[in-house]
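Below is one structure, written out as structure tokens; comments come after it.
Throughout, read-outs are computed from the coordinates displayed, never taken from laboratory work. Given the structure is predicted, the values throughout are model-derived calculations rather than measurements. So basically every Cβ, Gly included, is an ideal-geometry build from the backbone, and we count neighbours across all protein chains shown.
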Ligand code: ASP
């Protein structure tokens with residue numbers, strides 16, 4: 001076992017903010033992030049967790065709607081800086097952008113050999129009915145879980161929420177109120193936690209333990225998300241597609257990748273694609289995959305140079321485009337890699 005794989009018996013908790021650590025601001029009556037020590041004080045059971053836990057707190061904990069690629073790079077830096085000293089990492093994060101962060105980290109931490117589990121809660125940890133305690137304690141248990149040979153049980157970026165362990169780049173937040181806020185409709189759960197935690201070992205990624213984890217920090221944010229809807233206007237679409245700095249579009253189409261058969265739309269997409277803009281077709285549906293040859297509207301998109309996003313989530317397609325465009329100036333390489341699974345993010349059939 002290499003030095004970075006020696007077990008340490010310790011987990012690093014990275015507190016970025018989110019509802020889990022928030023409290024009520026009595027002046028504005030809104031929830032706002034609090035210091036992590038406040039959070040710990042609410043959890044006496046923390047002391048009886050059998051794993052050693054250290055905490056790294058963002059200097060200014062955030063509502064995750066303020067998350068951005070610069071902070072993703074900061075999280076990567078923290079993980080890299082502590083990689084050899086911990087068996088795994090638990091990231092406390094707001095739920096609003098957790099799926100984006102999980103997808104981004106899955107590309108930024110290449111050949112990850114340790115668990116990185118994101119979790120949070122719908123109710124602050126200080127509230128009586130909070131879901132935060134269970135989410136946090138089980139995430140720590142999963143991050144510490146290992147096989148008899150010492151290798152971690154789940155060496156990938158995951159989201160743990162309400163009894164479900166999900167591959168991070170497959171998860172979406174689909175419920176704004178319920179405790180079951182997340183699911184991965186196009187990929188089985190990596191584990192389900194009830195009385196026991198049942199791991200779906202066959203589905204969990206197997207990294208190459210002989211190679212180091214390679215961090216990536218750069219993300220190219222010259223992208224846009226564009227949703228089709230009945231009545232869409234040429235002027236609006238052209239003003240988006242004509243932007244000079246635009247390098248990538250996640251295009252949210254109907255059903256299995258369908259679009260209205262409007263000549264101006266196909267011409268505008270084709271012109272942008274020929275100019276080098278990477279246009280990725282992702283369904284507006286929560287489940288299922290793109291099949292551009294199924295209907296004529298999808299086939300026209302294919303002819304216009306739009307590439308299939310298969311069964312990727314929107315969050316994952318955004319993160320993957322940002323990552324690939326930052327590392328490859330050649331658009332043909334970006335398009336080829338968009339259609340290549342890099343870390344279990346897409347099923348290509
Ligand atoms: N607005 C909060 C956030 O994402 C919501 C949450 O944590 O659940 O930070």
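A few points about this structure:
- Of 17, 297, 231, the one that fluctuates the most in a GNM where the chain has Cα springs shorter than 10 Å: 231
- Listed from fewest to most Cβ neighbours within 10 Å, the set 332, 337 follows the order 332, 337.
- Separation of alpha-carbon centers, the stretch 54-100 and the stretch 103-167, rounded to whole Å: 12 Å
- Once the Cα atoms are used to define both axes, helix 69-81 deviates from the longest principal axis of the chain by about 40 degrees.
- Here the gap between residue 149 and residue 294, fully extended at 0.36 nm per residue and compared with their Cα-Cα distance, gives a gain of 47.5 nm.
- Of 66, 267, 196, the one that fluctuates the most in a GNM where the chain has Cα springs shorter than 10 Å: 196
- Model label points for residue 202 and residue 60, set 7 angstrom from Cα along the Cα-to-Cβ axis, are 4.9 nm apart.
- Extended-chain gain in nm, criterion 0.36 nm per residue less alpha-carbon gap, residue 46 and residue 174: 43.1 nm
- Label-zone membership for the stretch 186-229, site residue 245, 7 angstrom Cα→C-beta point, backbone N under 16 Å: 219-225
- Using a Gaussian network model of the chain in which every pair of alpha carbons under 10 angstrom is joined by a spring, one finds that among 43, 108, 67 the greatest mean-square fluctuation is at 43.
- Computed from Cα atoms, the angle from the helix 98-108 axis to the main principal axis of the chain rounds to 80 degrees.
- Over the chain: helical MRE at 222 nm, DSSP H runs n ≥ 4 each giving -39500 (n - 2.57), nearest 500: -8000 deg cm²/dmol
- Crossing angle, helix 132-144 versus the chain [Cα axis fit, 0-90 degrees, rounded to tens]: 90 degrees
- Gained length - residue 123 relative to residue 333, 0.36 nm times residue gap less alpha-carbon distance: 71.3 nm
- Between residue 234 and residue 82, the simple label model (points 7 Å from Cα in the Cβ direction) yields a spacing of 5.6 nm.
- Mean Cα-pair separation over length for the stretch 1-126, i.e. relative contact order, pairs under 8 Å, 6 or more apart, %: 40 percent
- Relative contact order of the chain, pairs being alpha-carbon contacts under 8 Å that are 6 or more residues apart, as %: 15 percent
- Amide N of the stretch 130-153 lying under 12 Å from the label point, which is placed 7 angstrom from the Cα of residue 111 along Cα→Cβ: none
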